Amino acid sequence: MLPALAYLTLGSMIIPLQAAPLMLNKFEDDESSVWYLAMNLNPADGHVMDYTTGWSEDKFIGTYRAALSQDYLNRVIWNYPATYIAIVRHQKGIVEAVKVFRFRESNRSLLSRFQAMNPGREVVTEGGPLQEEISDGAQDMADDPVFSVDGDLAFNWGYGNNGVRIVLTGGHLSRAHENNDNTHGLGNHFACDPLTGESTHPEWAHEISNIQDSGKNPTTVQGIDHGSGSKYVSGPVYGNYAIYVSGRANSFPSPGNLLDLEITSHPKLRFY
């Protein structure tokens, strides 16, 4: 018979008490090495996830079943305290390109970050991508809003009456007072209050715009998910863009891998 209080039961396992802290830490590590799908953007599903829709709201958008084929926001994961973020361009759930970043401020949720709109314009990651991989067969990369641009991620980039939820610092970042329609990324609007996230003219909403010098010129946006603004030109869909977060995982499955709502990844030994 086992000595009293010398062992701990965990499910069907019997663990010596002296080893319990190590085992529990292992389970904690396993849990924290998971990537969780927070958002998916499909710029041609008929739903416009622009600057004013979803990002700063505590609500669920889409369905689990169509999480990787339509616009999707998981409010539980949107409240998850994340240290790492991955942006993944994919084709029908197959990774085509991926960038992984570390947040400057750890253990903070995406909801709290996207609600910080006033003054906004915050560079939220540091050091550039920890991982950047693009499939050899990937097309339409020259003006991709994520993978054709260097730098870190910036959130809530408001300028004039325009707003972009996610941009990269290596692209053109309009100054706060400029109303030039010339900063492009994920979750865009050309006629809103970027400090409150409220739309003033819904016809100027658009989900994904490519890197370009638009200004007074027509603005090419991916797919059909945009308002009726006269300067918009519907362009090809480069793929869906999925956003994953993690507490500890700092590397993501390479191009060619299949995505899911949760993905286990073994953290690499890095000093950050």
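The values are calculated or read from the model by the stated rules, or taken from the named source; none is laboratory data. Predicted model only: the values in this text are computed from it and were never measured. Note that each Cβ is placed from the backbone with ideal geometry, even for glycine, and that neighbours are counted across all protein chains shown. The area values use the complete protein model at the heavy-atom level, side chains included, leaving out ligands, DNA and RNA. Shrake-Rupley method; radii C 1.70, N 1.55, O 1.52, S 1.80 Å.
Structural remarks
Residues checked against (1) within 15 Å of R248 (Cβ to Cβ); (2) more than 12 Å from the chain's Cα centre (by Cα); (3) acidic (D, E); (4) at pLDDT below 95:
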position: L73; (1), (2), (3), (4): no, no, no, no
position: N79; (1), (2), (3), (4): no, yes, no, no
position: I87; (1), (2), (3), (4): no, no, no, no
position: I94; (1), (2), (3), (4): no, yes, no, no
position: R104; (1), (2), (3), (4): no, yes, no, no
position: N107; (1), (2), (3), (4): yes, yes, no, yes
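- The residue that is nearest to T220 (Cα to Cα), counting only those in region 37-56 that are open to solvent by 10 Å² or more (accessible area, probe 1.4 Å) and touching a Phe, Trp or Tyr at 6+ places or on another chain (Cβ under 9 Å), is N42.
- Complete set of residues in region 16-33 that are in contact with a strand residue (DSSP E or B) (Cβ under 8 Å, 6 or more places away or on another chain) and either modelled with pLDDT of 95 or more or more than 23 Å from Y84 (Cα to Cα) (or both): P16, L17, A20, M23
- Within region 209-224, the set of residues being touching a Gly at 6+ places or on another chain (Cβ under 7 Å), open to solvent by less than 20 Å² (accessible area, probe 1.4 Å) and of a type outside the set (S, T, N, Q) comprises just one member, V221.
- Condition check for S109: out of contact with any strand residue (DSSP E or B) (no Cβ under 8 Å at 6 or more places or on another chain), of a type in the set (G, A, S) and either closer than 26 Å to R121 by Cβ or crowded, with 23+ Cβ neighbours inside 10 Å (or both): no
- Qualifying residue in region 186-201 (condition: surrounded by fewer than 17 Cβ atoms within 10 Å (Cβ to Cβ), part of a strand (DSSP E or B) and in contact (Cβ under 8 Å) with a residue 12 or more places away in the chain): yes
- Within region 92-137, being outside any loop (DSSP other than H, G, I, E, B) and small (G, A, S) holds for A97, S112.
- The single condition among (1) surrounded by fewer than 16 Cβ atoms within 10 Å (Cβ to Cβ); (2) free of Cβ contacts under 8 Å to residues at least 40 places away in the same chain; (3) among the β-branched types (V, I, T) that T169 does not meet is (2).
- First in region 208-231 and over 20 Å from I87 (Cβ atoms) and hydroxyl-bearing (S, T, Y), second anywhere and open to solvent by 60 Å² or more (accessible area, probe 1.4 Å) and assigned to a loop (DSSP other than H, G, I, E, B), Cβ under 9 Å, 6 or more apart: S230/P218
- Considering region 226-242, the residues that are more than 20 Å from L68 (Cα to Cα) and of a type in the set (S, T, N, Q) include one that is surrounded by the most Cβ atoms within 10 Å (Cβ to Cβ), namely S234.
- Only one entry in G170, G227, G197 is over 21 Å from V123 (Cβ atoms) and modelled with pLDDT of 95 or more, namely G227.
- Within region 68-82, being under 26 Å from S106 (Cα atoms) and open to solvent by less than 10 Å² (accessible area, probe 1.4 Å) holds for Y72, L73, W78, A82.
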